[in-house]
Amino acid sequence: MNTNKAEVSAGKQLANIPRSVLDLAPVRQGKTAADTFRESLALAQAAERMGYNRYWLAEHHNMASVASSATVVLIGHIAGGTSSIRVGSGGIMLPNHAPLVVAEQFGTLASLYPGRIDMGLGRAPGTDPQTAAALRRGGSGGDFVRDIQELRTYLSAENSSNRVRAIPGEGLDIPVWILGSSTDSAMLAAALGLPYAFASHFAPGQFRTAIELYRRNFRPSPDLDRPYVMAGINVIAASGDAEAERVASSFYQLAVGIITGKRQALQPPVDNMGALWNEAEEAAVRQMMAYSFIGGPEKVARELGNFVSQTGVDELMVVSHIYEPEARQQSYNLLAQLMS
């Protein structure tokens, strides 16, 4: 890849920032979930070679374009096919699950792949209200703070004398992250002294306020002695700006489906989005995807360097909604080169 002074300067800003992958296990138009799982493993193996820090999968349900509903199973699939990259959840939607079950599942993963499993926890259902009710079988979904405390109790070595225990899980080192898209989650992560991952890749509105509140109110804990912020961002990098915009049209179509409620599998790219969205839909997509970095190497490096400089984030969690697996890997590879 050819570089110029702007890329080199931005690269220096980015060089010390860990980079990670968030995979929503996208189902491509004309393909199956089985194809998705093979492509996810291939991407994880490539990300490991490229020096990415983590590979996280997100829990979603009842979505035609997302195949990561059985998130824990997929984490095991990815961890089993890689050797060093950390693998985890971004996240497990805790209200959908009994804390004991989550502790046992992650205890099993951490026993199979010691030192490599992360547990990111969110309070949203990861789906629509009807599906959430089906997942919870009429329950309210519990209390998020109480459920986190219960889960951490099961994972603690001190729980060994209690009648209800997580085996495996008890006493294992499984880092816990709080995920969120609001100031409430920021205050919770700060109070618990846990690392904080913000979903700025699709909910940018409260990002700056939330991370400032988190840092200002952070209480050191046995888990973490200083605040640690990971920002979710969208990156679509290609050989040039025009090609990146064409590749990004799959991402734009997906976002229009979210806004209009007409979800579908990830669509192939198109040369012109004009016929596929109106002005209001385009404006809504642009607002929702404010933290998106789309372009050739120089543009991505410059804009991403500015983002890191302005926000002071500690780690980047990168989502790339790209139709062709080869173009998706190329995007992550270009970013890895920019950040090396």
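The values are calculated or read from the model by the stated rules, or taken from the named source; none is laboratory data. Bear in mind the structure is a predicted one, so any value in this text is a computation, not a measurement. Neighbour counts are summed over all protein chains in view; Cβ atoms, including those assigned to glycine, are modelled from backbone coordinates with ideal geometry.
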ask   = Could you count how many residues in the stretch 189-198 are touching a strand residue (DSSP E or B) at 6+ places or on another chain (Cβ under 6 Å) and assigned to a helix (DSSP H, G or I)?
value = 1
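Applying the selection to the stretch 153-183, what residues are under 19 Å from the mean Cα position of the chain (by Cα) and either over 26 Å from F251 (Cα atoms) or among the β-branched types (V, I, T) (or both)? Steps first, answer last, please.
Step one: list which residues in the stretch 153-183 are under 19 Å from the mean Cα position of the chain (by Cα), which gives 174-183.
Result: I174, P175, V176, W177, I178, T183.
Report, by residue number, each residue of the stretch 151-174 that is part of a helix (DSSP H, G or I) and surrounded by 11 or more Cβ atoms within 10 Å (Cβ to Cβ). It would help to see each step written out before you state the result.
Initial filter on the stretch 151-174 (part of a helix (DSSP H, G or I)): 151-155, 157-161.
Within the stretch 151-174, L151, R152, T153, Y154, L155, N159 qualify.
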query = Under 6 Å by Cβ, and 6 or more places apart or on different chains, what pairs join a residue from the stretch 172-201 that is within 15 Å of A58 (Cβ to Cβ) and touching a residue at least 24 places away in the same chain (Cβ under 8 Å) with one that is assigned to a loop (DSSP other than H, G, I, E, B) and not hydrophobic (A, V, I, L, M, F, W, C)?
reply = W177/P195; A199/S181; S200/Y291
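Okay, residues lined up against (1) part of a helix (DSSP H, G or I); (2) at pLDDT below 95:
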site: S200; (1), (2): no, no
site: E212; (1), (2): yes, no
site: Q253; (1), (2): yes, no
site: I258; (1), (2): yes, yes
query = In the stretch 303-337, which residue that is surrounded by fewer than 17 Cβ atoms within 10 Å (Cβ to Cβ) and in contact with a helix residue (DSSP H, G or I) (Cβ under 7 Å, 6 or more places away or on another chain) is nearest to E243 (Cα to Cα)?
reply = N333
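More than 25 Å from A265 (Cα to Cα) and either within 19 Å of the chain's Cα centre (by Cα) or at pLDDT below 95 (or both): which single residue out of A79, A103 fits that description?
Going through A79, A103 in turn, just one is more than 25 Å from A265 (Cα to Cα) and either within 19 Å of the chain's Cα centre (by Cα) or at pLDDT below 95 (or both): A79.
Return the residue satisfying two criteria in turn: it lies in the stretch 85-104 and is touching an Asp or Glu at 6+ places or on another chain (Cβ under 6 Å) and not in a helix (DSSP H, G or I), and of such residues it is nearest to V145 (Cα to Cα).
Kept after step one, since they are touching an Asp or Glu at 6+ places or on another chain (Cβ under 6 Å), are these residues of the stretch 85-104: 85-86, 88, 92-94, 99.
From what's left, not in a helix (DSSP H, G or I): 85-86, 88, 92-93.
On the way: I85: 29, R86: 26, G88: 20, I92: 14, M93: 13 Å.
By that ranking, first place goes to M93.
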task = Take L109 and decide whether it is part of a helix (DSSP H, G or I), surrounded by 19 or more Cβ atoms within 10 Å (Cβ to Cβ) and touching a Gly at 6+ places or on another chain (Cβ under 7 Å).
result = yes
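Return the only residue of A242, A238 being free of Cβ contacts under 8 Å to residues at least 12 places away in the same chain, over 30 Å from D128 (Cα atoms) and small (G, A, S).
On the way: A238 fails: free of Cβ contacts under 8 Å to residues at least 12 places away in the same chain.
Answer to the check: A242.
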ask   = Which residues, counting only those in the stretch 313-340, are over 11 Å from V21 (Cβ atoms) and assigned to a strand (DSSP E or B)?
value = E315
